[in-house]
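The structure appears below as structure tokens.
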Amino acid sequence: MNIPTEIFWLVLLSIVVASIAWTVTQEEIFREPREYCEEKSKTCNSILQRKFFYVFTCEYCFSHWVTIFILILTGFRLLIDDWRGYILAFFALPWLANQWMSIYRRLRVGIKHENLQAKVVAEKLDDE
């Protein structure tokens, strides 16, 4: 693959990793399993069990496991066409995915803030 194509795939796959990691660790649809995992991550006797369950509550941690799945599924390698390319991709994909998730989190906070401000203004107008 040439460099522009690799960059395209890196960006595209990082968005896929970010989407999956965010959905599992943050969105309402997975709230119940996530709450179960959060509880188990605090109460299991074994440190290995606690860490296993913690992975499903942390978008950063989970993004690495999603990356492994994506790399197996796609065979994507970054810059080098042997096992070293997999290692590079393993670190680059979740790093970029976590940048996307940080941007998304900031956007959501900004939108929530604006919605709350609009609600306050509407309530003030209703009171007048």
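The values are calculated or read from the model by the stated rules, or taken from the named source; none is laboratory data. If you're wondering where the values come from, they're calculated on a predicted model, not measured in any experiment. All Cβ positions, even for glycine, are placed from backbone atoms using ideal geometry, and neighbour counts span all protein chains on display. For the accessible areas, the whole protein counts, side chains as well, though only heavy atoms, and no ligand, DNA or RNA atoms are used. Shrake-Rupley method; radii C 1.70, N 1.55, O 1.52, S 1.80 Å.
If you take the beta carbon distance between residue 7 and residue 38 as r and set R0 to 41 Å, what does 1/(1 + (r/R0)^6) give as a FRET efficiency, to the nearest 0.05? The value I calculate is 0.70.
Each Lys and Arg contributes +1 and each Asp and Glu -1, all at the Cβ; summed about the Cα centre of region 87-128, the dipole is approximately 380 debye. Just want to confirm a number: the relative contact order over region 3-82, from Cα pairs under 8 angstrom separated by 6+ residues, in percent. The normalised contact order for region 3-82 reaches 34 percent.
Once you order the gyration tensor axes a ≥ b ≥ c over the Cα atoms, which shape class does region 84-128 get: rounded for a/c under 1.5, otherwise prolate or oblate by comparing a/b with b/c? Verdict is prolate for region 84-128. The magnitude of the dipole of region 14-53, with charges of +1 and -1 set on the Cβ of Lys/Arg and Asp/Glu and taken from the Cα centre, is near 260 debye. Our estimate of slack between residue 29 and residue 88, defined as 0.36 nm per intervening residue step minus the Cα-Cα distance, is 18.0 nm.
In the chain, the inverse of the mean reciprocal separation of distinct Cα atoms equals 16.8 Å; this is its Kirkwood hydrodynamic radius. Between region 77-106 and region 1-28, how far is it from one alpha carbon centroid to the other, in angstrom? What the calculation gives is 8 Å, centre to centre.
For the chain, adding -39500 (n - 2.57) for each run of n ≥ 4 DSSP H residues and dividing by the number of residues yields -28500 deg cm²/dmol at 222 nm.
Atom-type composition of the exposed protein surface of the chain places 65 percent of the accessible area on carbon and sulfur (1.4 angstrom probe).
In the context of the full set of protein chains, residues of region 71-128 present 80 Å² of accessible surface per residue (probe radius 1.4 Å, heavy atoms only). Straight-distance candidates among the lysines for linking to residue 124, with alpha-carbon spacing under 22 Å and chain neighbours fewer than 8 residues away dropped: 112. When the chain is treated as a Gaussian network with alpha carbon springs shorter than 10 Å, the biggest mean-square fluctuation among 66, 109, 17 belongs to 109.
Under 17 Å from the Cα of residue 51, which aspartates and glutamates turn up, not counting those fewer than eight places away in the same chain? Leaving aside aspartates and glutamates fewer than 8 places away in the same chain, those within reach of residue 51 are 35, 38, 39, 59.
Short-range pairs are left out: with C-alpha atoms under 8 Å and at least six residues apart, the relative contact order of region 48-128 is 21 percent.
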